[in-house]
Each structure stands twice: as structure tokens, then as C-alpha cells.
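Colleague: Questions regarding the structure given below will be posed in turn.
The values are calculated or read from the model by the stated rules, or taken from the named source; none is laboratory data. Because the structure is a prediction, the values reported are computed rather than measured. Note that each Cβ is placed from the backbone with ideal geometry, even for glycine, and that neighbours are counted across all protein chains shown.
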Protein chains: 6
Amino acid sequence: MAARDDRDEITQDDLREGMRRVLAGPKRKSAPIAEGELEKIAYHEAGHVVCAELCENHENAQHVTIDPRGQAMGFALFGREDRALHDQTHLHEAMIAALGGRAAEQIVFGRVSSGAKNDLEKVNQIARAAVTEYGMSTRVGQFVADERFISNETKAVIEGEIERMVADAYSDALALLGAHRTQLDELTRVLIEARELERVDIVAALGSLPRWDTERKHSGPGSSAALRPAA
Amino acid sequence: MAARDDRDEITQDDLREGMRRVLAGPKRKSAPIAEGELEKIAYHEAGHVVCAELCENHENAQHVTIDPRGQAMGFALFGREDRALHDQTHLHEAMIAALGGRAAEQIVFGRVSSGAKNDLEKVNQIARAAVTEYGMSTRVGQFVADERFISNETKAVIEGEIERMVADAYSDALALLGAHRTQLDELTRVLIEARELERVDIVAALGSLPRWDTERKHSGPGSSAALRPAA
Amino acid sequence: MAARDDRDEITQDDLREGMRRVLAGPKRKSAPIAEGELEKIAYHEAGHVVCAELCENHENAQHVTIDPRGQAMGFALFGREDRALHDQTHLHEAMIAALGGRAAEQIVFGRVSSGAKNDLEKVNQIARAAVTEYGMSTRVGQFVADERFISNETKAVIEGEIERMVADAYSDALALLGAHRTQLDELTRVLIEARELERVDIVAALGSLPRWDTERKHSGPGSSAALRPAA
Amino acid sequence: MAARDDRDEITQDDLREGMRRVLAGPKRKSAPIAEGELEKIAYHEAGHVVCAELCENHENAQHVTIDPRGQAMGFALFGREDRALHDQTHLHEAMIAALGGRAAEQIVFGRVSSGAKNDLEKVNQIARAAVTEYGMSTRVGQFVADERFISNETKAVIEGEIERMVADAYSDALALLGAHRTQLDELTRVLIEARELERVDIVAALGSLPRWDTERKHSGPGSSAALRPAA
Amino acid sequence: MAARDDRDEITQDDLREGMRRVLAGPKRKSAPIAEGELEKIAYHEAGHVVCAELCENHENAQHVTIDPRGQAMGFALFGREDRALHDQTHLHEAMIAALGGRAAEQIVFGRVSSGAKNDLEKVNQIARAAVTEYGMSTRVGQFVADERFISNETKAVIEGEIERMVADAYSDALALLGAHRTQLDELTRVLIEARELERVDIVAALGSLPRWDTERKHSGPGSSAALRPAA
Amino acid sequence: MAARDDRDEITQDDLREGMRRVLAGPKRKSAPIAEGELEKIAYHEAGHVVCAELCENHENAQHVTIDPRGQAMGFALFGREDRALHDQTHLHEAMIAALGGRAAEQIVFGRVSSGAKNDLEKVNQIARAAVTEYGMSTRVGQFVADERFISNETKAVIEGEIERMVADAYSDALALLGAHRTQLDELTRVLIEARELERVDIVAALGSLPRWDTERKHSGPGSSAALRPAA
């Protein structure tokens, strides 16, 4: 970046921009969007950020933007995770954060859009790995299929388990955002205003947000006890 | 175009022709059609135009013709859509407009023809994406299949949902055209006369047409409430 | 042709022969057939001709022969159709004409032969397109399958619809030929005698044959009302 | 042949040998067979010959041998058929003749051997063509499958029809040979003695054998009325 | 062999070794085996030999060894069979002999090992050919599948028939070895002692063993009447 | 190793390191792990070691480490097995040892992690071979499928048997570790302290551990009688 701008030093901003460029492509001057779509994109990205913030083990967003970059109309950048092993809770939280954008659209606009396509692919890959590689589904058990000879019945059971895990994560994402609508609205407001927020701005907008202890409150993927009152 | 015609200037018409040539191929001097087929082609194209005009969010036709061009016996050209996110309503309206040609044939001639082949392909692609990529079917949920291992049951559910979405859009297309038969007939009449209409001609033929608020009157793809009286 | 025969002019006959050669291959001096087979071949070709003649929208035969040509033991040549759109009636009639040869064998000899192989392929292709591309089956609806993921149930429904359409066309072919057996016999007689008939000979042999209005008398492919008495 | 034997003329025998060599490969000096196998091979070949002889429309054997030739331990050579069209009776008779070898083994030794492998392949190909290409099965009708999308149910129906046609032909083969056991034994006897018989020897061994009118006595493939007493 | 050993003559032993080398690979100086495994290997090979010896039509073992050779920990070499046709009895006996090793392990040690992997492959190939190529299964009949379009039901029936034939042969192998346990033990004893036995040693170890007439005592593959008392 | 360190002699340690490098890749200076993950990795590896130690026939661990090496976060190295034949007990024990890591995670932390992915693949391969190649499942019997034509029903039965065998081994692993929790904890403690243990250290940490006679106490794969009291 410095080279093109004819400056001598490489600044912190140059480094940031370099990383984001690698992750999501170069900034685009503009992208065609219809009236009202900017607000929808902002809520979508804010949904990702707020859900991640509320999940006990999930990395927080370091950056979020609604400026188009590469193919994306906006994106949120999370801290790099130093984790070697993922248990059911980690995977469940990853799915909640990934579905946070779609859940925000549903809560605020009463409908979802095609913008969650990549998020859906991601959560289905996580849930599929949990069921077919990590043995985390009770119904499928520790069975690992030979992909060439898998029976139709086993395929159907696997699909049912994946669907359930994804549905549970979406249910939790809806519950979390519903319970923190104020913060979702505020983060969206400043995001529309500034179009690009760093970690410090995100923290300022959200205020002090309680970490949601997914482990205590529910029993892994499959349960939707996010806001279940202590019995 | 100008080069071949030995003219010096590139006119607005040259630009238009260039774009249409790219989209549908060059004009053909003639194409073999049977007696009465021109009227059928005109009604088919007019059906697309009127349905699009009545849908609240759909782009309007800028041009419509019954002169053969490339493989098409006629075609309607819609404005370019500046939209990044498509929700259920947008997809439903896109299917209504695409099925407008077939619906017009059914209403006017009491039968459909092979001419809707490409339209059927298009609406099925839209509905399939809605069900399998955007998670817009309640029965399939947010499940995204791994195409290599999909069970027969899930295939059948997906097909049922696609069929339902397409059928609902067709039902709405029939209802819309049935309720605006006068405008359909008039547009067809001037189209047969002029063989080619620009936006201004279309507006003149249709007169003041109320935009149909698909959002208020039905609940997304799957419902056929196009003309349901307010309860 | 003229070149080989050492004649200077290209006659009308040369042109005809050229076209037939392109469509069915060169004439063969002889082909091995068993006793009685010539009559069967003649009835088969006459069946195609008579059925086409009786169908309201179908092109008439311009030429029919029982001289072997290419792979065919005989063939009937129909006028070129100038039609851009095919509705259910056109497809139904095309299937009736294609099954006319097999129907004639069944009526006259009480059994069918392997000679209808190509005809069966053709009518199944027509019916399959009607069901899977043109949306003309009520049971399948406007659904267009993604061929990679089609469920077994949908395959079975599609096959059932195809079978029904073909069976209805065959039923109509049988009815039409049964009701015009005299003409079928007469055309076969002159065909065996002359081995090759042009349009003028066909018309002479058939006499004045009423066009059968398939549209009024039945409701498209699937119904077998060819000879249903007016209720 | 003449060239190698250093003779000047090409005799009738040379021509015969040439044709047989093309059809079944060169004669083998010897082939390993177990005790008693020569008789089994002879009965197998004689079974083909007698069944063909008894079928009304089937070509008769011109030559039969139990000398090994190419891969075959013995073989029967039938007259070349000049037939363009095959109906159900022709196909049924072809299956009877092809199963005659296996039927002879069953009748004489009470069990069948692996020697009928090629015969089984052949009759299944005939029956499959009758069902899937010629439309000769009532249950499958005139349906011709698109091999890429055929449903499991249709596959099962097709297999059932093929199995039934083959079983009926085998049943007729057993009945025919059972009723003409004397001729079968006699032909086998002279075949073992001479190892190679020409048409004249076959006729001499069989005596005057009534042609079995398959057409009158049964209703095509599927019925096993070979020896049904006239009711 | 002679070349490497620097001897002038090719002995009978050289020829034997050459053939065995071709069939099973070169001798290995040693192969890693656990305590007690040599006895298991010896019983396995002896099981093959004794079963073959007791089957009426099966070739006898000419040589048996527990010295590792190529991939095998031991192997038994049978006489070359001069048979052109195989009936149900021959195939059943071939399966009994092939399963003799596994049956011996089961009888002597109460459990089977992975050492029968190749034997299981072989017997399943034999049974599959009997069912799908030779028409020897009553349930499948003379049906030969087109492998591209075989229905799930037919696959299941074929698998059931194969399983039954293999199970019957295994049952007979168990019965034969159980009834001749003394000979099995004695052959194993001398095999462990000598590690390699020729035909003369095998005969000496087994003493006079009655040939089991599989044909009289059971009705082909599928029945397990090996030791059924005469009723 | 010596070459790089500029030493003249190749020590015993050099040889060890060389072998481990081949098996698991080079040591990594560090790998990103989250807080508390080292303890989880240590319990996982200790679980493998303790289970193997308790299985009567399984080789013991010679080395165990929680230093990252290649792709692995830790690994246990077992003695090389000199065994030619594997019966049900051997396979069952191999599955118990392979599932020991996952079982330890479950017992100590109440949940499993993605770290058992490779272990699950391994045990499923073992169980699949037992069912489909070694004929060790009673329900599948001695049937070996032709992989191209296997019925859906057989696939389902095979999958059910594999799942049962794996579940039984996991059940035994849980029981063994539950009954020897003290040793598991102690081995984990010294492993975390030293990060790398040789055989002598493992023995010291475990003390005198009774060999569990899998053969007497249960009936092969499928039974979970690890700690069943003697009846």
C-alpha cells in the first residue's frame, strides 16, 4: 500500500489493510445496492459481532465494515483462534456466530435474504464434521461412513442430525439477539454512520456485555437453552 | 452497427441494438412460424411484461419484441437490478414475471406450449436456490446438503418444496393476468401491430397500472394470496 | 445424381432423391427379408401415413416407400413443419403418427414386431420432453428436475406420466386405424404394387379422408377419446 | 486352408471350415475335459439342435460338433436368417433354441452346468430388448426408459418381465425335449460317434420331426403352452 | 534355480520349486508371527487339505506348507483340474475346500481369524458366479442382470442367495472336519513337525479316508446335509 | 540428527528421534493451543496408553509425548506387533486402545473433542474390515459384497454392525479407564510435568497394572463385559 501512495513508512493501518485485502479482497469504490439494503447489510454484520461477543468461548470481532470488499457487501473480522481441540460447545458457538447475521435479519426485518448463503454453507460444514468426523451425534454414534457405500438410511439420519444442530444454533442466535436488541441496534447505528469500526469502536458501542456461559446453560449442540430460566 | 451502415455517428439506437444483440443474438429476417403463432408469441411476451409491471419490487420491461432474434421468437428486456440481497418476496416476484408468458398462454388459449421451456428452467433454478442455498423452505430448514451423500428422502422433500414454490408463483401469475386481462389484451394488440415496443410505448399501452404489493398481501413464496380480499 | 448418370440436367426427381438420400441413406438394391415381411412393412408405413392424415395439425406424408434405404426397410416422408410452439395437441398427434406403424401391425397381424423400435424411442422422447421440460403433466407440474439429485419417487412419477401419454397416443392410433381400416388396406395394396408412392398417389389411394379434430374430441395427451361418441 | 495344405483347389470343405473358423475360432487339437464330460457336451449341443428343429420359425442347424474350437467345447451352427422384423414368437423361439442346451443337461443329468453361461447371456439380451426396446411386455408397456434416470421400481418391473420371458422359454425347451427324448438321445449318440455332423447327418438322425407351431399353441413369450393339450 | 546353486542338472525338486514360486512367490527366510500362531496356520492349511480330500469330485492336495512364501503364511497346492463344465456339486465342493481353513480354526480354537480373508473372497466369487452367471439359484432363476440398471430388490435377492450358498458350504466344512477331527489333528501334527509335506506324506498322515459322496447326500449348494443320517 | 548437531557419534537417542520423526513428523517448537488444552491432550494420550496396557494382547506404549510433532498435538508410540493373524479379540483390543483417548476426555471432562477424528477413522476401518473382509459379524455372515452392486439393505446391515462393534469397544474403554482412574490421573500428571515419557517412565507411573483378560471376560467384539463380575 505504501508503495502506491508514495509514502516512506509502513504504518499500522497499512498492515491492517493488507490483511483484510488478503481475507476479503480489495475495497470496491462502490457496489450496486438497492434502497434500504445498506441498513440490512449493517444489521447482518452487527448480528455476527453481537453473537460472537455473547458466546463465552468465541473470539471477538476485531473489525467490522459495510464497505464492499471483493465479493462481500460487508464483513466482520474475528481474532485468530489458538485452539487445537474443538468440543461440542466450541462448534455450537461457532455456528451461533455464523448464523448471527441471518438471525439479525429475521429479527429486525421479519425475513431473511440470500445474503446468508455463505454463512449457511459454513454452519452446515461445521455440523457435518461434528456428526460424521467427530462422533458428536448420539444418533449416529461413533460410526464413520465409508463414503462409497453409505446406505440411504444412514444418509437420512446424518442429515437429520445436521439439520437439528444447525436449527439449535439458529434458535440460540435468535434468542441471544432478541435479548440484546438494544446493543444490536446501537452497533448497527454506529456502523452505518462510520461504515467501518475497529475493536475499540465495537466495544464502545456495545458497552459492557455479559459473556454468555454456553456451557452452564445448555448441553451442547442440539439443545436450545440459551435463555432458559434457571429451574 | 454504424460501421456497416456507413454512417458517421453512433446513435442511441445503435447502442440499444448492440445491447440487445449481446443479450438475445442478432435479429433474424424471418423464422418459420405457423398460422396464429404470432399472436401466441405476442401474448407470451406481454404476459412477462404485465406480470413484472404488477410486481412491487420487480424491474419493469424497457423493451419488448416479437421479431425473432437469435433462438428466441420474441423477448422482453428488463431494467438492470441494483440489488445485493434477495429475500423471499424478490424471488417470488422474479418467478411470477418469468411465468407470466406461460400464464398468458393458459389464460388466453386454454393451453400452454413448449415455448415456456426456458422460463420453466429459470424459475426452477430460482426456487432450487431458495430451498437449497438460502434456507427459505420451512420443511428443509437451514440444512445445506452435501451433494455427494444426499438421501432419497431429502431429495424428495427438496423437490416437493421447489414444486410448491413454482406452483405458487404460477398461481399468482394466473391471478394477476386474469385480473388485468384488459391491459394484457391491449399490450398484445399494440405489440402485434408494432412488433417492437420501447418503454414509452409499453407505458402508453398499459395506462396507469397499480403496483401490487406482494409483501402485504401474501407471506412469501408458497402462498397464493395475490388477490385475496383483505379479511 | 446427374453426374453419375451422365445427364446434363438436374431434374425435379434428382432433387427429391437427394433429399431422401440425406434423410434415410441411399437406396439398397435389396435387403434380406422373410416371406410375408414385405406386406408387414407396407402396413407399417401405411399406418404412419394414415394416422398423420387423420390428425388435424400433423403434416401429411409427401412420399412413402417400402424399398429399403440405409438402415430402414421402408419409410414415410412428411412435410416440413413451420411451427415454433408445440402444445399438448401437437405433441399428442406427433406421437399418434409415430405409433401408427406399430398400431397397423397390431390391428392387421394381431402382434407387433421389433420394427417399431425407433418409433418407440421417438414417442418416448416426445413424452419425456412434455413431462420434464414443458411442464405438461399435471402430476409433475411445473417442476423441472436437477438431473443430478432427482429422487426415486420423482423418477417413478415421471415414468408413469410418460407411459400414460404414450399409451394414450397408441390407443388413439389403434382407434383411428380401426375406424379407417379400408383406407389402410387400400394404401397398403397400392404401396406393395408400386413400392414407392408420391403425395398424389397417396391422396388417390386414400380418397377424401376427414381430418380428425383432436382438439375438440379429447383433452390433450392422456385422454383416449379419439372415437368417443358425442355424449 | 488350401495354401497351407499345399493343394491347388479350394474345395467346398475349405469354404465351410473357413466360415466356422470365423464364427468359433480354429479347431483345437484337444482340450482338457473330465470323464463323462464329452457326453454332457454332446447332449448340450444336441439340445440346441432339437429345440431349433421343433420351432416353427427358427432356422435349422446346418452343422454341429463336439470338437473343441476356440473357447467353445462344442457348437451348433444355424442357417442365416433373412428376417427384417422379429415378433414375439420369433424371439420366444430364439430363446427356446438358445436354452435347449441347458434344458437337455437338466433333463438327462438332473442338473445344469456352467456351460450355459453364454446361452443365458444371450437369452437375457433377447428378453431385455423385447421388454425395453420393442415394447413387448404388457406390464412395462410402450415405455422406453431414459437410462440415466430410471426409477428403482421400473428397474424391478423390467427385471421381473425379463425373468418371466426367459423362464417361459426354458419351460418350453424342457417340454419340447421331454416330448422328443428319443430323438435327443439318438442325435447325441451319433454326435458322440462322429464328433461332427453336417445337415444331412442331423436329418438322418432325427428322422421326420413335426414342426411345432408355436404360434397356434401359445400366446407369445410369457406363456408355456408348448404341450398344452388342445382344450 | 539350478543356475543360482551352481549345479548342472535340473532336478524334479527344481521344477516343483519353480511352479510353487510362480503360484505363491518365493520362500521367505522368516516372517513375524506371534506365539502360537504357527499352530493356527498349520490347522488352517490342514483344514483345506482334509476338506478337499473328503469331497468326492475335488482335486486332492499335492503339497502343503507352513513356511511363509510371498504374502502367504502357508499354502496348500491342489492338482490341476481337467474339467470344462462345473455343476452345482463341483462349485459346492470348491467352496467347502476353500472354507476348510476357516472351519478348522473355528473348530479347534473356537474363533476365526483375519487369515481367511482371501478364502472368503474366493468362495463369494464362486457363489456370485453360480447365482448371476450360471443361473443356479432358484430364487434368481435364469435371470442375468444388466449391471448398469439392476434394481435394489434384485441386488438384495442375489446377495441373500450368495450368503446362503456360502453359509451352506461353511456348514458342510464344519461338519466334515468335526467328523474327521482325528485326521485333522494328525495332519496338523506332522505338518508342524515337517513344515512342508508332499502328497505321499499327506496320504500317510491321513490314512484311508472315505470319499464323501456329496452328490448322494445333499442336493447341491444350499443344503447342509453333509452328515445327515440316511432317513 | 548427528550431522546437524556437529557430533561424531550416532546415539540411541538419535535413532529414537529418527524413528519418531518418520512416524509423526519433526518436533515443532510450539503450536497454538488455548488455556487448559495441554491437560486435555495429556489425558487423551494417557488414555491410549492405559487402555493398551490393560488389554491382554495389545502391544504396550514405548513412548508418549505431548510435545507437538508434525500435525499431531501429542502421540503415543506402541511396540511393533509380530502377528500374522488377527481374531476378534485382537481387533476388539485394537479398537479399545484407539478409543482410549476419546474415552479419557469423556470421563475427565465430560465431553469429547475434535481431537479423536483420526482415532474414529482408525476404529471404523478396523470394524469395517472385521465385518466386510473377515466375516466376523454374525448378521452379515461370510458374505463378501461386490462393491459395485451392493444393495441398500446390506449397506445398512453392515453399517449397523460396524457401529455396534465400535460402540462396544468404546464402552469397554470407558469401563477400563473408569476402573483405573487413579493410574490415568497419575500418568497424565507425570506426562504434563515431563512432556515426554519413555517406557520406563510409563511403567513407573502406572505401577503394577493387572492385564485384563479380554478373552475370558467377554465374547469378542460386540460384548461390553469388560468389568462384568464373575457370575
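Residue-by-condition table, conditions (1) closer than 24 Å to E:R20 by Cβ; (2) in a helix (DSSP H, G or I); (3) touching a helix residue (DSSP H, G or I) at 6+ places or on another chain (Cβ under 9 Å); (4) modelled with pLDDT under 95:
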site	(1), (2), (3), (4)
E:K122	yes, yes, yes, no
E:A127	no, yes, yes, no
E:G135	no, no, yes, no
E:T138	no, no, yes, yes
E:D146	no, no, yes, yes
E:E163	no, yes, yes, no
E:D172	no, yes, yes, no
E:L187	yes, yes, yes, no
E:L191	yes, yes, yes, no
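Colleague: Need pairs with beta-carbon distance below 6 Å; first residue under 15 Å from D:E53 (Cα atoms) and within the stretch D:182-200, second in a strand (DSSP E or B) and not β-branched (V, I, T); sequence gap 6+ or separate chains.
Modeller: D:E198/D:H63; D:R199/D:Q62
Colleague: Considering only the stretch F:184-195, how many residues are surrounded by fewer than 15 Cβ atoms within 10 Å (Cβ to Cβ) and in contact with a strand residue (DSSP E or B) (Cβ under 8 Å, 6 or more places away or on another chain)?
Modeller: 1
Colleague: Still on this structure: Find all pairs meeting these conditions: Cβ atoms under 6 angstrom apart; at least six residues apart or on different chains; first residue within the stretch F:152-165 and at the interface with chain A (Cβ under 8 Å from one of its Cβ atoms) and surrounded by 21 or more Cβ atoms within 10 Å (Cβ to Cβ); second residue assigned to a helix (DSSP H, G or I) and not hydroxyl-bearing (S, T, Y).
Modeller: Every condition considered, the pairs that remain are F:I158/F:V131; F:I162/F:A127; F:I162/F:R128; F:I162/F:V131.
Colleague: Among the numbered criteria (1) closer than 18 Å to E:E93 by Cβ; (2) more than 7 Å from every other protein chain (Cβ to nearest Cβ); (3) not aliphatic (A, V, I, L, M), which single criterion is violated by E:R128?
Modeller: The failed condition is (2).
Colleague: Within the stretch D:94-117, can one find any residue that is under 30 Å from C:R148 (Cβ atoms) and either in contact with a helix residue (DSSP H, G or I) (Cβ under 6 Å, 6 or more places away or on another chain) or hydrophobic (A, V, I, L, M, F, W, C) (or both)? Walk me through how you get there before you give the answer.
Modeller: Keep residues of the stretch D:94-117 that are under 30 Å from C:R148 (Cβ atoms), which gives none.
Among the residues of the stretch D:94-117, not one is under 30 Å from C:R148 (Cβ atoms) and either in contact with a helix residue (DSSP H, G or I) (Cβ under 6 Å, 6 or more places away or on another chain) or hydrophobic (A, V, I, L, M, F, W, C) (or both), which makes the answer no.
Colleague: Continuing with this model, one more query. List the pairs whose first member sits in the stretch F:31-47 and is within 13 Å of A:H86 (Cβ to Cβ), whose second member is part of a helix (DSSP H, G or I), and whose Cβ atoms are under 7 Å apart, counting only residues at least 6 apart or on separate chains?
Modeller: Matching pairs, first to second residue: F:K40/F:E105; F:K40/F:F109.
Colleague: While we're looking at this one, here's another question. Give the residue, chosen from B:F149, B:F143, that is within 14 Å of chain A (Cβ to nearest Cβ) and surrounded by fewer than 19 Cβ atoms within 10 Å (Cβ to Cβ).
Modeller: Working: B:F143 fails: surrounded by fewer than 19 Cβ atoms within 10 Å (Cβ to Cβ).
Selected residue: B:F149, the only one of B:F149, B:F143 that is within 14 Å of chain A (Cβ to nearest Cβ) and surrounded by fewer than 19 Cβ atoms within 10 Å (Cβ to Cβ).
Colleague: Has the stretch A:78-90 got at least one residue that is surrounded by fewer than 24 Cβ atoms within 10 Å (Cβ to Cβ), out of contact with any Ser or Thr (no Cβ under 9 Å at 6 or more places or on another chain) and either of a type outside the set (D, E, K, R) or modelled with pLDDT of 95 or more (or both)?
Modeller: yes
Colleague: For A:A103, state whether it is more than 22 Å from F:D119 (Cα to Cα), among the small types (G, A, S) and at pLDDT 95 or above.
Modeller: On the way: more than 22 Å from F:D119 (Cα to Cα): yes; among the small types (G, A, S): yes; at pLDDT 95 or above: yes.
Taking the combined requirement at face value, the residue satisfies it.
Colleague: Which of (1) surrounded by fewer than 22 Cβ atoms within 10 Å (Cβ to Cβ); (2) farther than 16 Å from C:V140 by Cα; (3) over 15 Å from the mean Cα position of the chain (by Cα) is the odd one out, the single condition B:N118 does not satisfy?
Modeller: (3)
Colleague: Right, next: Please tell me if A:M95 is under 30 Å from F:R102 (Cα atoms) and among the hydrophobic types (A, V, I, L, M, F, W, C). Even if it seems obvious, please write down each step before you answer.
Modeller: Details: under 30 Å from F:R102 (Cα atoms): yes; among the hydrophobic types (A, V, I, L, M, F, W, C): yes.
It is true that A:M95 is under 30 Å from F:R102 (Cα atoms) and among the hydrophobic types (A, V, I, L, M, F, W, C).
For every residue, the table says whether it meets (1) touching a Gly at 6+ places or on another chain (Cβ under 9 Å); (2) more than 30 Å from D:E35 (Cβ to Cβ); (3) not charged (D, E, K, R).
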{"site": "D:V144", "(1), (2), (3)": "yes, yes, yes"}
{"site": "D:E159", "(1), (2), (3)": "no, yes, no"}
{"site": "D:D168", "(1), (2), (3)": "yes, yes, no"}
{"site": "D:A175", "(1), (2), (3)": "no, yes, yes"}
{"site": "D:V190", "(1), (2), (3)": "no, no, yes"}
{"site": "D:I202", "(1), (2), (3)": "no, no, yes"}
{"site": "D:L206", "(1), (2), (3)": "no, no, yes"}
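Colleague: Of the residues B:G110, B:G36, B:G70, B:G101, which is surrounded by 24 or more Cβ atoms within 10 Å (Cβ to Cβ) and either more than 14 Å from chain A (Cβ to nearest Cβ) or under 23 Å from B:A179 (Cα atoms) (or both)?
Modeller: Working: B:G110 fails: surrounded by 24 or more Cβ atoms within 10 Å (Cβ to Cβ); B:G36 fails: surrounded by 24 or more Cβ atoms within 10 Å (Cβ to Cβ); B:G70 fails: surrounded by 24 or more Cβ atoms within 10 Å (Cβ to Cβ).
Result: B:G101 is the single residue among B:G110, B:G36, B:G70, B:G101 that is surrounded by 24 or more Cβ atoms within 10 Å (Cβ to Cβ) and either more than 14 Å from chain A (Cβ to nearest Cβ) or under 23 Å from B:A179 (Cα atoms) (or both).
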